[in-house]
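One structure below.
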Amino acid sequence: MVKGNKQQGFEFIIKESDVLERENFGSFEIIITKGYACFKNYTGFRVFTTSYAVGLDGVAHETSLYAWLKYMVDFKKSIKDKENEMFGKTTSTNKEFLDGMKVLTEANLIKPMAVFTDINEAQKEAENYMKWMEGQMKDLNKAMNTTPPEEDLKANAEFEQKVIMAEEAKEVFDGSVETEERQV
């Protein structure tokens with residue numbers, strides 16, 4: 001912290017200068033900033049997500065939650081003054097489609113809050129997670145205990161011989177191996 005400046009909060013303070021887009025969906029709001037997206041509802045529940053997260057493969061992937069929240073904001077803006085037009089080749093209007101997206105978004109994002117306020121739901125989710133984790137462990141064990149297909153012994157022997165010959169040639173040309181006169 002810079003001397004003389006008061007800390008205004010924890011890392012989840014959203015500076016107005018960082019806000020790129022902000023849309024109100026009635027029972028919740030989505031804020032897109034320079035570094036992340038935030039979902040917040042009327043009960044005070046907030047979800048912050050970055051646009052990229054590093055996966056188990058060590059590669060940065062766009063997070064689906066960030067992409068979804070950004071899509072919600074973009075879609076709402078794109079249908080402004082076109083709410084009663086048909087959504088694509090469906091039988092729903094743009095507004096009906098947006099309302100469905102709102103229900104889906106809110107149901108999925110408030111589930112963590114419901115889990116922590118309902119012990120039965122929390123237990124069910126914990127059991128589901130444990131089953132998923134057991135499946136992942138079984139897959140990992142299977143992969144680790146599977147022997148690779150038989151190697152091509154002839155190709156390996158030829159390769160190893162070439163390596164030996166290359167190392168011997170290198171030693172001869174480096175001068176690190178003494179040879180008899182006129183012998184290479």
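Every read-out reported here was derived from the displayed coordinates using simple, explicitly stated rules and does not represent laboratory data. The structure displayed is predicted, hence computed values, not measured ones. Cβ atoms come from the backbone with ideal geometry, glycine included; neighbour counts cover every protein chain shown.
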Local charge sum around G26 (other residues, Cβ-Cβ under 10 Å, Lys/Arg +1, Asp/Glu -1)? -2
Multiplying the sequence separation of T50 and K154 by 0.36 nm and subtracting their Cα-Cα distance, what value in nm do you get? 32.3 nm
Give the lysines reachable from K76 as a straight Cα distance under 25 Å; neighbours fewer than 8 places away on the same chain don't count. K15, K34, K40, K89, K95, K102, K111
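Quick one: if the Förster radius is 30 Å, what FRET efficiency do K124 and S27 give, using the C-beta to C-beta distance and rounding to 0.05?
The computed FRET efficiency comes out at 0.75.
For the peptides 74-80, 53-59, what is the packing order when you average, over each peptide's residues, the other Cβ atoms within 10 Å and list the highest mean first? Walk me through the numbers on the way to the answer.
Numbers: 74-80: 13.3, 53-59: 8.4.
Output ranking for 74-80, 53-59: 74-80, 53-59.
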Under 18 Å Cα-Cα from K131, which lysines qualify once same-chain neighbours fewer than 8 residues away are excluded? K142
